[in-house]
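Each remark here refers to the structure printed beneath this line.
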Amino acid sequence: MIVAIPKEIDTIEPRVAATPSTVKDLIKAGLQVKVETLAGDESFFSDQEYVNAGAEIVSSSSDLLSSADIILKVLPPTQDETSQLKSSATFISFFQTTREIQTVQALTEKSITGFSMHLIPRTTLAQKMDALSSQANIAGYKSVLIAASRLGVYMPLLMTAAGTIRPAKILILGAGVAGLQAIATAKRLGAQVEAFDVRPIVKEQVESLGAKFIEVESDSDDGVGDGGYAKETSDDYKRRQEELIHEHMSMADMVITTALIPGRPAPLLIPTTMVDSMKPGSIIMDLAAENGGNCELTQKDEIIKYNHVTIDGTSNIPGTMPVHASELYSKNITAFLTYMVKDGKINLDLEDEIISGAMFTHKGEITHKPTQEALNA
């Protein structure tokens with residue numbers, strides 16, 4: 001079977017779905033690998049490195065896609081790419097299926113078997129396939145460095161002959177993978193860190209990294225969703241949450257928001273009134289910008305200033321570290337693909353929770369219930 005690695009078309013996407021290292025793993029699994037010319041160029045992997053790993057370089061994108069049995073990408077296919085896929089091929093990429101309904105329909109019409117790396121179940125067995133976590137880790141780390149480089153204050157406490165410099169105050173909203181990495185990075189830089197999350201269970205993790213956990217007192221399981229994700233909270237909880245966040249934001253030099261609900265618009269955590277209360281020179285890094293942002297003022301892929309507060313809506317922060325981002329993502333997607341491959345062919349065990357969980361189209365039908373509901377809606 002032929003595995004195709006196309007060059008990403010979107011100019012803000014420098015990552016690639018396979019590195020020379022993972023090409024070797026795919027070939028070892030009995031697959032033939034073809035890579036589009038310069039597919040890895042923005043991640044600093046040359047065509048020659050792919051050739052040395054055993055891949056074939058193809059200059060024509062249409063020839064590559066039309067001949068492939070399996071296509072590995074970072075982003076969902078464009079309409080043009082979809083039209084070039086051969087019927088019954090297998091397509092794997094990041095894919096927010098409930099937000100990309102037209103593309104899902106196009107894949108369904110061509111009987112493409114679609115898998116989304118967003119839908120990989122969060123189980124122990126699937127950990128090495130968890131691309132959301134590997135990329136969120138990078139986003140949490142890099143967001144702190146980006147914000148720190150723009151701040152007008154030091155991150156650590158410094159005692160100098162001229163006087164004592166107070167540490168920067170950092171507020172992290174959401175203590176998932178990105179949030180926890182942001183906490184760890186900010187603490188290593190010497191900042192004073194606070195974190196908020198709707199899930200009380202993460203309190204111990206936050207405190208183990210040296211941050212203070214701020215929480216809304218609640219007797220219910222508000223905000224605790226399936227599979228380790230957060231979920232929508234009650235109106236009363238949201239009101240008390242807003243008051244608490246507002247209080248702590250007014251004292252923060254840097255706020256990093258990471259709250260995402262898979263396949264849905266990002267929850268609004270920071271209305272304009274909260275930004276109005278922030279100190280001049282402070283910064284908001286909105287890691288939920290891809291799905292609309294946690295801040296009301298966030299503009300996707302724009303960096304704006306509002307009342308001397310900088311709001312960064314960069315949607316692809318992992319892409320600012322393309323070498324390691326590609327290395328990790330390619331290992332995730334290769335682990336998933338080789339999990340399904342037996343003797344050089346894909347073996348789809350629909351009883352397997354990883355395979356069925358990540359699948360959203362198969363044999364001309366939408367197999368993912370929330371996607372089907374979104375289509376009907």
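The values are calculated or read from the model by the stated rules, or taken from the named source; none is laboratory data. Everything quoted here is computed from the prediction, not taken from an experiment. All Cβ positions, glycine included, derive from the backbone under ideal geometry; neighbour counts span all protein chains shown.
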Open item on the list: I'd like to check which helices (runs of 4 or more DSSP H) are fully inside the stretch 5-87 and have at least 2 residues that are without any contact (Cβ under 8 Å) to a residue 24 or more places away in the chain.
Closed with: 47-53, 61-67, 79-84
Task: From Asp352, Asp343, Asp301, residue being touching a residue at least 40 places away in the same chain (Cβ under 8 Å), among the acidic types (Asp, Glu), over 21 Å from Gly176 (Cα atoms) and not assigned by TED's automatic domain parsing to the domain that holds Ser143 - done: Asp343
Open item on the list: Just the residues that are touching a helix residue (DSSP H, G or I) at 6+ places or on another chain (Cβ under 9 Å), of a type outside the set (A, V, I, L, M) and closer than 16 Å to Lys169 by Cβ, please, taken from the stretch 189-219.
Closed with: Gln192, Glu194, Phe196, Gly210, Lys212, Phe213
Task: Within the stretch 88-127, considering residues that are under 17 Å from Gly176 (Cα atoms) and in a helix (DSSP H, G or I), the one nearest to the chain's Cα centre (by Cα) - done: His118
Task: Tally, over the stretch 175-189, of residues that are touching a residue at least 60 places away in the same chain (Cβ under 8 Å) and charged (D, E, K, R) - done: 0
Task: Selected residue (criterion: modelled with the lowest pLDDT) from residues of the stretch 261-271 that are more than 18 Å from Leu244 (Cβ to Cβ) and out of contact with any Gly (no Cβ under 6 Å at 6 or more places or on another chain) - done: Pro262
Open item on the list: Checking Phe44 against (1) in contact with a Gly (Cβ under 7 Å, 6 or more places away or on another chain); (2) on the phi > 0 side of the Ramachandran plot; (3) not small (Gly, Ala, Ser): exactly one of these is not met. Which one?
Closed with: (1)
- [ ] Collect the residues in the stretch 128-157 that are part of a loop (DSSP other than H, G, I, E, B) and of a type in the set (A, V, I, L, M), keeping them in residue-number order.
- [x] Leu151, Val153, Met155, Leu157
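A quick yes/no check of all residues on (1) of a type in the set (Gly, Ala, Ser); (2) surrounded by fewer than 16 Cβ atoms within 10 Å (Cβ to Cβ):
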residue	(1), (2)
Pro318	no, no
Ala325	yes, no
Leu328	no, no
Met340	no, no
Asn347	no, yes
Gly357	yes, no
